[in-house]
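Here's the structure we're looking at; comments come further down.
Read the figures in this text as sums done on the coordinates, not as results from a lab. Quantities reported herein were computed from a predicted structural model and do not represent experimental measurements. In this analysis, Cβ positions are derived from the backbone assuming ideal geometry, glycine residues included, and neighbour counts consider all displayed protein chains.
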């Protein structure tokens, strides 16, 4: 009998490689439209992405030169641009995501997304990359400002447990960043990390497993960056059964 009850996904960097080619691009388009003299380069955004939340990134960057009302307005416009990009198929899903969602659904697991991104951004990305049927399998999306403290605080993962009466050890989180990993572990959950473009050099010591991606049959074999003694096979891709074995 499965000990695992829920599979929880971060969004950005996990469902798709969105930070460099999605959010950063959308922010820059908004700045141009608003006549703001700012352009976030790929390298510059590497530092900004360490700050959880798009509004928080702008507040940090502009250092009170733009008030909160204007920040909120810019973020709303940026969300619209990001949604357009998602719906146009410009941000394809990462390898293994759609497959493992189906595996989890077939196994009777609850499915969640926990993200600091706006819910409209998350929904549009998820729908575009997995389709309406798979999207409908998700029990709930926890997004944006739903909790007071964002990752690395565990608030958003604690909310999943509390609202859906789950024990932390029954939940496996898929994250891509150290902030996300720390949030999941502080909530007492298991966590597999699939590093993204901006997080590849981060420290994932606390993770249960670190892999290049979740992988898919017929694709190149995944790289095990940090193994787990309970993962007894040498996987080409990671399955729900593999995660359950680590619980």
Spin-label model distance (nm) - residue 3 vs residue 120, 7 Å beyond Cα toward Cβ: 4.3 nm
Nearest 10 degrees, 0 to 90: helix 97-106 Cα axis against the chain principal axis: 50 degrees
Inter-centroid distance (Cα atoms) of region 185-247 relative to region 1-43, Å: 21 Å
Identified option (computed Cα extents along the principal axes in Å; candidates (i) 51, 39, 36; (ii) 55, 45, 34; (iii) 57, 38, 35): (iii)
Residue 164/residue 37 FRET efficiency (R0 35 Å; Cβ-Cβ; nearest 0.05): 0.15
Chain lengthening between residue 70 and residue 233 when straightened (0.36 nm per residue, less Cα-Cα): 53.4 nm
Packing rank of 158-167, 107-116, 62-71, where each peptide gets the mean count of other beta carbons within 10 Å, highest leading: 107-116, 158-167, 62-71
Full-stretch length increase - residue 77, residue 106 - with 0.36 nm per residue and alpha-carbon distance subtracted: 6.7 nm
Value at 222 nm in deg cm²/dmol, rounded to 500, when DSSP H runs of n ≥ 4 in the chain each add -39,500 (n - 2.57): -12000 deg cm²/dmol
Mean Cβ neighbour count within 10 Å, used as a protection proxy, ranking 213-220, 12-19 highest first: 12-19, 213-220
Percent antiparallel among DSSP beta bridges (both partners in region 139-247, rounded to 5): 25 percent
Cα-based radius of gyration of region 18-87 once divided by 2.2 N^0.38 Å, which approximates compact folds: 1.00
Contour minus Cα-Cα distance for residue 146 and residue 132 (0.36 nm per residue): 2.7 nm
Over region 1-125 - Rg/Rh using Cα atoms and the Kirkwood inverse-distance radius: 1.04
Antiparallel bridges, percent of DSSP beta bridges restricted to the chain (to nearest 5): 15 percent
